[in-house]
Amino acid sequence: MNAPSLETRDLTIRFGGHVAVDAVSCAFHPGTLTAIVGPNGAGKTTYFNLISGQLKPSAGRVLVYGEDVTALGAPDRTRRGVGRAFQLTNLFPNLSVLENVRLAIQARRGLGLNLWSVWSSHRELIGEAQAVLERIALADKRDMPAASLPHGDQRKLEVGILLAIEPEVFMFDEPTAGMSVDEVPVILDLIREIKRDTSKTILLVEHKMDVVRELSDRIIVLHNGQLAADGDPAEVIASPVVQQAYLGIEPEGAGG
């Protein structure tokens, strides 16, 4: 198997006496979509925060392509190819949908966040941003302030910003949460599109088991902050102990 693009070694964080993530060691490889599942409070989002640099671990390490990035903050990890879709925290609410995507492209190119850069470059960036908006089905809302978008469209814009920075590792934290049934396919199609590029690594926290079943190449289960299962999706989902204890699904034939 190819070398891991991302690895956590004994990654641990304590909040007071509570161990939210407990010595989780896991390697993630290009060309693989790993779904991270488990009950509420299992440590999934905290684990994501440790990987992306929002939180500093109490112990353990994070490696990106073999480089120890544990001491680096989120911006430096993004520059090393780790991209994450947040729940609305990375949108500029008063800027237009187009400007949000354009600034992400500008940052990726190392042009800083100057809104009024050289005009020729500006036109090129706008063209590239427009293409991203077409992909996420928001081209018709390009001039609206991000804050005025409905929740589902804000989630789509988050994914657009993630696409614009072109990371090597894509991290999606419940990308379809709060979306209507009609909106979900746009996001899932984008994830499928990213997945076709076998140089990319995708991590997905998702509660909808039908989505997990369809998209994942591998499932890891967190429970009480610990790695409780890791393997082939069919095997992990079919495991009675995982179904009952970790996913809240009663085994077939169980009385209600």
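What's the number of the only condition in (1) of a type in the set (Asp, Glu); (2) at pLDDT 90 or above; (3) surrounded by 12 or more Cβ atoms within 10 Å (Cβ to Cβ) that GLU124 fails to meet?
(2)
All but one of (1) open to solvent by less than 40 Å² (accessible area, probe 1.4 Å); (2) under 22 Å from ILE13 (Cα atoms); (3) modelled with pLDDT of 80 or more; (4) in contact with an Asp or Glu (Cβ under 9 Å, 6 or more places away or on another chain) hold for TYR47; which doesn't?
So TYR47 meets the others, but not (4).
Let me confirm something: among ILE219, ILE191, which residue is of a type in the set (A, V, I, L, M, F, W, C), open to solvent by less than 10 Å² (accessible area, probe 1.4 Å), in contact with a strand residue (DSSP E or B) (Cβ under 6 Å, 6 or more places away or on another chain) and closer than 21 Å to ILE237 by Cβ?
ILE219
Examine segment 14-31 for a residue that is polar (S, T, N, Q) and part of a strand (DSSP E or B), and state whether such a residue exists. Lay out the reasoning, then the answer.
We begin by selecting, within segment 14-31, every residue polar (S, T, N, Q); these are 25.
In the following step, the residues that additionally are part of a strand (DSSP E or B) were identified as 25.
There is at least one residue in segment 14-31 that is polar (S, T, N, Q) and part of a strand (DSSP E or B).
Just the residues that are part of a helix (DSSP H, G or I) and modelled with pLDDT under 90, please, taken from segment 163-185.
ILE165, VAL184, PRO185, listed by residue number.
I'd like the residue in segment 55-106 that is outside any loop (DSSP other than H, G, I, E, B), charged (D, E, K, R) and touching a strand residue (DSSP E or B) at 6+ places or on another chain (Cβ under 6 Å) and, out of all such residues, is farthest from ASP10 (Cα to Cα). Let's see the steps before the verdict.
The first filter runs over segment 55-106 and keeps only residues outside any loop (DSSP other than H, G, I, E, B), leaving 59-64, 67-68, 74-79, 82-85, 96-106.
Checking which are charged (D, E, K, R) leaves us with 61, 67-68, 76-77, 79, 84, 99, 102.
Going one step further and asking which of them are touching a strand residue (DSSP E or B) at 6+ places or on another chain (Cβ under 6 Å), we end up with 61, 68, 84.
Details: ARG61: 7, ASP68: 13, ARG84: 22 Å.
Only one residue fits best here, namely ARG84.
Answer yes if at least one residue in segment 44-52 is more than 16 Å from the chain's Cα centre (by Cα) and either farther than 22 Å from VAL212 by Cα or not basic (Lys, Arg) (or both), and no otherwise.
No, the conditions are met nowhere in segment 44-52.
The values are calculated or read from the model by the stated rules, or taken from the named source; none is laboratory data. Bear in mind the structure is a predicted one, so any value in this text is a computation, not a measurement. Counting neighbours? That spans all protein chains shown, and the Cβs are built from the backbone with ideal geometry, glycine included. With ligands, DNA and RNA removed, areas are computed over all heavy atoms of the protein, side chains included. Shrake-Rupley method; radii C 1.70, N 1.55, O 1.52, S 1.80 Å.
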